[in-house]
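> Attaching a single structure in structure tokens format; questions to follow.
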């Protein structure tokens, strides 16, 4: 259809804006320092040869220009606050405002990580409460909040696995990773000194038990499994998978990227998982912030607890909280201080707002939304696996390939329809994948608009394929040259020399 | 549940469309024995007002309205109000990694500006889009040096933040990467002779921090000469980024790992912060993390994209430069805004104020106890050695004066006795310094009497 007929969006005026450096002019400023209440010093005398000769060439601008600059730039971004952001495995859910308010309370945002424990009881209580609730949610026995992101949690989890196996005499050599896994999984295993061995999926999109049985031996430390996996499919033979690993002394690591399909409905600790990470920025509503900060707590069974990073928060009989550093078997630290505390605050506020029934309804709605989209789009797009799916669904671009249209093209056209694209070309087990995760945050109206958009694009693929190949046509910029960017990288602005 | 945008009737309608009778059918793939049939044992739903109340009560259990004379890797600087005003726009904080450049130019351009500012501050040629924090950034910098040089060992200065060294040790443990430490002299600076002896043909890099954990500014040029003479790389970690406003940048370094928290990022009990790796252009293919580059679109307009992603985990999997996936985009945005507020002159003037406050604190506290490591320049921290236990002083200052005192060093540097590293920033008032000096003096005097 023509862009004018699209229901969700209309083009409107968008402000142009240069780089902040291009607004700079000597003498402009956006600050005023306090009056100095101590004697001024002579920096040159104080620092000697350590004195900086030339100031850093930072912009000189006024406050209104800063406000306009970043407001204008912000309007060029798509965000969850605009509409559905169906990136598969990214769980782009609503970010509640109360989270932001409580994280900014003076004595929370202003707490120094090394202020004495007796002056940090509130911060420690927040960490302890969140830790306890995440343990209940995952069905595990212990947890660390220290990892700063999902991939950092994976690193921590595999380190725990290795330390545990080493304590039993043999760290082993390999980690098994399904072909549908996120790239962070193999990259993580390599960082902990493990060889990566690929594990095939079966025709139903699940772990091939026979292959696992054949590949599992005393050289294998364990399996890194995402469950539901990146196809949105729950590994129905999870108990058998765990059993095969455990029988030969291996461990089951669960990548918790897709935990939004399970919270309050099933607990990894109950189905044989030994260690897992959570993504607070996915499942527990802390904002993605344009790419971070995240937070990746790692939960584990009791036998892995002695190896957790130090310190951990402990509670005395009288209710006083303290940090326990005396943990001789700990893998050590994975980050300075205690992790992304500000994200811990937000995640806890989210759990409090939900309670047990809210969390259950959230998971049910996430699965309901994904299955609704699956039903509505099945047939229009090829569904490579007929197996039931949970919180996300993966289609392929096979039907559109006949017209020379690929998943990346459909994604670009979706932008004209007012949506952020789905995850493109992942997982790699599906050729030309369209990986769609609506989350629970989408009203029926928004889902229907998405269905209309996808069906309309499928029709365009037949009628007017060039419209798709040239998309997006309504954005400020279109089809940026990524090849040129990589061939001759320009990674910073430079002042034009006169 | 107030975050869920559906009526019961709509849910029923959707189930009907899907062709199932109840939501339970959609959960049938989970084997029955693993389906949770009870409520999670967590508190019931709370109203927004109750949540705010609960967190206010926790905030009140933390130190409230204290003067902070503590740094040690986390610095108490003023945060201009425009930062939170701007980053609270949903377009910034509810967006994701800018995978689709057509609808993410805001985030991409802001990161490009950030990378430029980091280069300007550090004297390096390129900078990445940020790392988790200074400690993990330092560990990634060491691993990067291993890849660049093809060597397998690293030397860490003992004056690097102790927790940064612990993180590096954790990262290094299973990569067959031996670490050794090099001592500091009575000036607090790296022992150059010891360093020279410690470097072997297998040394990939030497990691120092400047200003170091004691606040002392290292002689980066002299260290670089020693390191480069043996073909190793010099990695400089900077925990107090504001020092770069007035202190000579570590231009001789090969890799700089910066913790940018000082630039407008709340203390927030230790995080989230933002690390950054900056380096020379020739090492760009070995840098970890995201990079934003300038390009043009098909109409020739300037725009920005994520680039050189063939280094990264989603393409290279187990052969990637790192497993890192996120950056700290929202924190990098705070840093960008902060540097715009202060700009070319403000960063320098602000750094000068820090220098003046620290000089006053050093002189005032130094009149009552011993300041260690004289003989080398410092930025805004210094080490004070007392007759009394540093934890005792800290407890008393908190209880009596609402002051958070220096960081006791006994745990990490027992050889320094009763010592603590103190910090003064532009927010440290003369009144607080004078009060702290009285408290330190009170005990020193009473101890003398005893």
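> Take region A:51-92 and flag every residue that is more than 8 Å from chain B (Cβ to nearest Cβ) and crowded, with 23+ Cβ neighbours inside 10 Å.
Residues satisfying the conditions are A:84, A:86, A:88, A:89, A:91.
Here's the yes/no breakdown for (1) surrounded by 19 or more Cβ atoms within 10 Å (Cβ to Cβ); (2) part of a loop (DSSP other than H, G, I, E, B):
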| position | (1), (2) |
| --- | --- |
| A:421 | yes, yes |
| A:427 | yes, yes |
| A:430 | yes, yes |
| A:434 | yes, no |
| A:449 | yes, no |
| A:457 | yes, no |
| A:477 | yes, yes |
| A:483 | no, no |
| A:495 | no, yes |
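> Report whether or not residue B:300 is out of contact with any helix residue (DSSP H, G or I) (no Cβ under 9 Å at 6 or more places or on another chain) and more than 8 Å from chain A (Cβ to nearest Cβ).
Values: out of contact with any helix residue (DSSP H, G or I) (no Cβ under 9 Å at 6 or more places or on another chain): yes; more than 8 Å from chain A (Cβ to nearest Cβ): yes.
In short, yes.
> Within region A:112-125, count every residue that is buried (at least 19 other Cβ atoms within 10 Å of the Cβ) and either more than 8 Å from chain B (Cβ to nearest Cβ) or under 22 Å from the mean Cα position of the chain (by Cα) (or both).
Result for region A:112-125: 1.
> Please pick out the residue among A:213, A:195 that is farther than 24 Å from residue B:167 by Cα and either in the same structural domain as residue A:307 (by TED's automatic domain parsing) or crowded, with 24+ Cβ neighbours inside 10 Å (or both).
Working: A:195 fails: farther than 24 Å from residue B:167 by Cα.
Of A:213, A:195, the one residue that is farther than 24 Å from residue B:167 by Cα and either in the same structural domain as residue A:307 (by TED's automatic domain parsing) or crowded, with 24+ Cβ neighbours inside 10 Å (or both) is A:213.
> Name the single residue that is farthest from residue B:350 (Cα to Cα) among those in region A:35-50 being exposed (fewer than 15 other Cβ atoms within 10 Å of the Cβ) and within 7 Å of chain B (Cβ to nearest Cβ). Working first, answer last.
Narrowing region A:35-50 to residues exposed (fewer than 15 other Cβ atoms within 10 Å of the Cβ): A:35, A:37, A:39-40, A:42, A:44-45, A:48-49.
Those left that are additionally within 7 Å of chain B (Cβ to nearest Cβ): A:37, A:39-40, A:48.
Values: A:37: 14, A:39: 15, A:40: 12, A:48: 18 Å.
The qualifying residue farthest from residue B:350 (Cα to Cα) is A:48.
> Evaluate the following for residue B:79: is it more than 7 Å from chain A (Cβ to nearest Cβ) and surrounded by 19 or more Cβ atoms within 10 Å (Cβ to Cβ)? So that I can check it myself, show each step before the final result.
On the way: more than 7 Å from chain A (Cβ to nearest Cβ): yes; surrounded by 19 or more Cβ atoms within 10 Å (Cβ to Cβ): yes.
Taking the combined requirement at face value, the residue satisfies it.
> Take the residues in region B:310-321 that are touching a residue at least 12 places away in the same chain (Cβ under 8 Å) and more than 7 Å from chain A (Cβ to nearest Cβ), then tell me which one is farthest from residue A:425 (Cα to Cα).
Filtering region B:310-321 for residues touching a residue at least 12 places away in the same chain (Cβ under 8 Å) gives B:311-313, B:321.
Subsequent filtering for residues that are more than 7 Å from chain A (Cβ to nearest Cβ) retains B:311-312, B:321.
On the way: B:311: 18, B:312: 16, B:321: 22 Å.
That would be B:321.
> Of everything in region A:16-33, what is more than 7 Å from chain B (Cβ to nearest Cβ) and either farther than 30 Å from residue A:475 by Cβ or in a loop (DSSP other than H, G, I, E, B) (or both)? Give them in sequence order.
Selection gives A:16, A:17, A:18, A:24, A:25, A:26, A:27, A:28, A:32.
> For residues that are crowded, with 24+ Cβ neighbours inside 10 Å and either at pLDDT below 95 or over 16 Å from residue A:211 (Cα atoms) (or both), tally how many sit in region A:238-251.
1
> Here's a follow-up. If the Cβ limit is 6 Å and pairs must be 6+ apart or interchain, which residue in region B:341-363 that is more than 7 Å from chain A (Cβ to nearest Cβ) pairs with which residue that is buried (at least 22 other Cβ atoms within 10 Å of the Cβ) and part of a helix (DSSP H, G or I)?
B:351/B:242; B:351/B:245; B:361/B:433
> If the Cβ limit is 7 Å and pairs must be 6+ apart or interchain, which residue in region B:160-173 that is within 13 Å of residue B:205 (Cβ to Cβ) pairs with which residue that is in a loop (DSSP other than H, G, I, E, B)?
Hits for this filter: B:160/B:212; B:160/B:213.
> Still on this structure, please answer the following. Among B:363, B:368, which is part of a loop (DSSP other than H, G, I, E, B) and either more than 26 Å from the chain's Cα centre (by Cα) or farther than 19 Å from residue A:40 by Cα (or both)? If you could, list the steps in order and put the result at the bottom.
Working: B:363 fails: part of a loop (DSSP other than H, G, I, E, B).
Answer to the check: B:368.
> Further, regarding this structure: If residue A:101 meets every condition in (1) over 18 Å from the mean Cα position of the chain (by Cα); (2) farther than 30 Å from residue B:349 by Cα; (3) crowded, with 20+ Cβ neighbours inside 10 Å apart from one, which number is that one?
That leaves (3) as the condition not met.
> Being loosely packed, with under 15 Cβ neighbours inside 10 Å, in contact (Cβ under 8 Å) with a residue 40 or more places away in the chain and over 22 Å from the mean Cα position of the chain (by Cα) narrows it down to one of B:392, B:415, so name that one. So that I can check it myself, show each step before the final result.
Details: B:415 fails: in contact (Cβ under 8 Å) with a residue 40 or more places away in the chain.
Testing whether each residue is loosely packed, with under 15 Cβ neighbours inside 10 Å, in contact (Cβ under 8 Å) with a residue 40 or more places away in the chain and over 22 Å from the mean Cα position of the chain (by Cα) leaves just B:392.
> When you scan region B:185-207, how many residues do you find that are without any contact (Cβ under 8 Å) to a residue 40 or more places away in the chain and buried (at least 20 other Cβ atoms within 10 Å of the Cβ)? Break it down stepwise before answering.
Looking only at region B:185-207, we keep the residues that are without any contact (Cβ under 8 Å) to a residue 40 or more places away in the chain, and these are B:185, B:190-194, B:196-197.
From the residues that got through so far, the ones that are buried (at least 20 other Cβ atoms within 10 Å of the Cβ) too are B:190.
Residues in region B:185-207 being without any contact (Cβ under 8 Å) to a residue 40 or more places away in the chain and buried (at least 20 other Cβ atoms within 10 Å of the Cβ): 1 in total.
> Now, a different point. Among (1) within 7 Å of chain A (Cβ to nearest Cβ); (2) touching a residue at least 60 places away in the same chain (Cβ under 8 Å); (3) farther than 30 Å from residue A:257 by Cα, there is one condition residue B:327 misses while meeting the rest; what is its number?
All conditions are met except number (3).
> Another one. Can you tell me which residue is farthest from residue A:326 (Cα to Cα) among those in region B:398-412 that are in contact (Cβ under 8 Å) with a residue 60 or more places away in the chain and in contact with a strand residue (DSSP E or B) (Cβ under 6 Å, 6 or more places away or on another chain)?
B:403
> Filter the strands (runs of 3 or more DSSP E) completely within region A:267-339 down to those with at least 1 residues that are under 18 Å from the mean Cα position of the chain (by Cα) and touching a residue at least 40 places away in the same chain (Cβ under 8 Å).
Those strands (runs of 3 or more DSSP E) span A:275-277, A:298-300.
The values are calculated or read from the model by the stated rules, or taken from the named source; none is laboratory data. Please read these numbers as outputs of a predicted model, since none were measured by experiment. Because the Cβ atoms are built from the backbone with ideal geometry, glycine has one as well, and the counts that use them run over all protein chains shown.
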